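> First the structure, then my questions, so here it is.
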Amino acid sequence: MTHNLISESTIDASIDAYLHGAKTGDVKQAKRLHEMLEQMLIGRELPEGQMWLTNHGREVLADMHAQLSKCDDCDERLRDVVLDAVRLGPRKGNWHDTSSFFHDLQIATTVANELCVQREEGLAQNVELAAQTIAEGGKFDLTPNQINAIYDAIADTVEGFKEI
């Protein structure tokens, strides 16, 4: 055994390389990133030296934990958020079909308009109530939960959407 620590810059460069691949959807890179983080946590001895948890590694782990801890329900949204955090894949909002994106944007804009109506009526803005109102209107043939999820996905993806 070598007992020499692998240099921080070498470890951090590897994290960044695997992280970049994982964020682009490369499952093998995501797996390697998680394997590397595990090696860092346990201080695995490698031929190049001993792994150790760098500050950058701590930040990556903290980001994953923060994403997971934001899940407060146990439905499809929880599964999606957990898988996004674990795979570090592209966040919801990277639509592969532009027509789907525009349809979802139309739904989210309808919710935003309903929130404006609430504000104009002197009410507190409530996304769940807005989604319920839109669902009852039947324009999109979606449940309030589906409308709310689409609004959240757009609002989290499109910069400044929530501020509207």
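> So Glu76 clears everything in (1) acidic (Asp, Glu); (2) closer than 23 Å to Ala153 by Cα; (3) modelled with pLDDT of 85 or more except one condition, right? Which one?
(3)
> I need the helices (runs of 4 or more DSSP H) fully contained in region 1-69, keeping only those with at least 3 residues that are farther than 24 Å from Asp156 by Cβ and modelled with pLDDT under 90. Give the steps one after another, and end with the answer.
Working: elements: 8-23, 27-42, 55-69.
The helices (runs of 4 or more DSSP H) meeting that bar are 27-42.
> Mind counting the residues in region 126-156 that are more than 14 Å from Thr109 (Cα to Cα) and not in a helix (DSSP H, G or I)?
Number satisfying all stated conditions: 5.
> Is it fair to say Gly25 is of a type outside the set (S, T, N, Q), surrounded by fewer than 16 Cβ atoms within 10 Å (Cβ to Cβ) and under 24 Å from the mean Cα position of the chain (by Cα)?
Working: of a type outside the set (S, T, N, Q): yes; surrounded by fewer than 16 Cβ atoms within 10 Å (Cβ to Cβ): yes; under 24 Å from the mean Cα position of the chain (by Cα): yes.
Against the criterion (of a type outside the set (S, T, N, Q), surrounded by fewer than 16 Cβ atoms within 10 Å (Cβ to Cβ) and under 24 Å from the mean Cα position of the chain (by Cα)), Gly25 qualifies.
> Residue under question is Ala30, and the condition is that it be under 18 Å from the mean Cα position of the chain (by Cα), buried (at least 18 other Cβ atoms within 10 Å of the Cβ) and in contact (Cβ under 8 Å) with a residue 60 or more places away in the chain; does it hold?
Numbers: under 18 Å from the mean Cα position of the chain (by Cα): yes; buried (at least 18 other Cβ atoms within 10 Å of the Cβ): yes; in contact (Cβ under 8 Å) with a residue 60 or more places away in the chain: no.
Criteria not met by Ala30.
> Look at Leu83 and say whether it is aliphatic (A, V, I, L, M) and at pLDDT below 65. Before the answer, list the steps.
Values: aliphatic (A, V, I, L, M): yes; at pLDDT below 65: yes.
Yes; evaluated as a whole, the condition is true for this residue.
The values are calculated or read from the model by the stated rules, or taken from the named source; none is laboratory data. What you are looking at is a predicted structure, and each value in this text was computed from that prediction instead of being measured. Ideal geometry is used to build each Cβ from the backbone, glycine not excepted, and the neighbour counts take in all protein chains shown.
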